[in-house]
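Report on the structure given below.
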Amino acid sequence: MKQNEIHLSPAEWNVMECLWEQSPRNGRQVVECMAQRMGWSRSTTLTLLHRLEEKGAVGSDSEHGKKQFFPLIQRNEAALQETESFLKRVYQGSLSLMVSAMTRKGDLSKAEIDELQALLQELEGGENHA
């Protein structure tokens with residue numbers, strides 16, 4: 001089965017993006033990153049870092065006197081968990097319902113349609129190399 005699922009709030013996701021881009025980072029670096037991106041205060045950012053540590057999404061190390069923060073989950077795993085949660089919550093777990101809703105909107109580019117077709121062919125085991 002899956003490892004512990006970690007659900008990230010939108011605010012926590014922003015902090016994780018900062019750490020996924022570059023880690024480890026000390027608290028000051030994360031605070032500066034979030035101040036630039038989101039306009040957040042020091043206390044807001046540190047509160048979110050603490051919350052992410054409690055959830056098991058972020059780890060820390062106090063080497064050389066400064067606490068360093070780093071992600072314990074990979075971005076692709078977090079994205080997959082969020083996608084599965086969204087799919088269950090909004091589309092009763094049906095990927096086809098979600099794809100149908102998105103395609104009916106008509107905003108897919110030719111490249112996106114080609115990519116979807118290639119993925120479906122790959123899933124069917126019949127990659128077409130013509």
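The values are calculated or read from the model by the stated rules, or taken from the named source; none is laboratory data. These numbers were taken from a predicted model, which means no experiment stands behind them. Glycine gets a Cβ as well: all are built from the backbone with ideal geometry, and neighbour counts include every protein chain shown. Note: areas computed on protein heavy atoms with side chains; ligands, DNA, RNA excluded. Shrake-Rupley method; radii C 1.70, N 1.55, O 1.52, S 1.80 Å.
Against the criterion of being surrounded by 12 or more Cβ atoms within 10 Å (Cβ to Cβ) and either on the phi > 0 side of the Ramachandran plot or touching a Leu at 6+ places or on another chain (Cβ under 7 Å) (or both), Arg42 does not qualify.
For every residue, the table says whether it meets (1) in a helix (DSSP H, G or I); (2) more than 22 Å from Lys88 (Cβ to Cβ); (3) open to solvent by less than 60 Å² (accessible area, probe 1.4 Å); (4) of a type in the set (S, T, N, Q).
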position	(1), (2), (3), (4)
Glu12	yes, no, yes, no
Val31	yes, yes, yes, no
Arg37	yes, yes, no, no
Leu49	yes, yes, yes, no
Leu52	yes, yes, yes, no
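Among residues of region 96-113 that are surrounded by 12 or more Cβ atoms within 10 Å (Cβ to Cβ), those with a Cβ under 8 angstrom from a residue that is β-branched (Val, Ile, Thr), sequence gap 6+ or separate chain, pair up as Met98/Val90. Return yes or no: is Phe70 surrounded by 12 or more Cβ atoms within 10 Å (Cβ to Cβ) and not in a loop (DSSP other than H, G, I, E, B)? Considered against the rule, which asks whether it is surrounded by 12 or more Cβ atoms within 10 Å (Cβ to Cβ) and not in a loop (DSSP other than H, G, I, E, B), Phe70 comes out as yes.
Taking (1) touching a helix residue (DSSP H, G or I) at 6+ places or on another chain (Cβ under 6 Å); (2) open to solvent by 60 Å² or more (accessible area, probe 1.4 Å) in turn, Val58 satisfies each apart from (2). Only a single item in (1) assigned to a helix (DSSP H, G or I); (2) exposed (fewer than 15 other Cβ atoms within 10 Å of the Cβ) is not met by Gly93, and it is number (1). Of the residues that make up region 58-67, is at least one under 30 Å from Ala101 (Cβ atoms) and not β-branched (Val, Ile, Thr)? No, every residue in region 58-67 fails to be under 30 Å from Ala101 (Cβ atoms) and not β-branched (Val, Ile, Thr). State which residue is farthest from Leu52 (Cα to Cα) when the search covers only region 78-90 and only residues that are open to solvent by less than 100 Å² (accessible area, probe 1.4 Å) and without any contact (Cβ under 8 Å) to a residue 24 or more places away in the chain. The residue in question is Val90.
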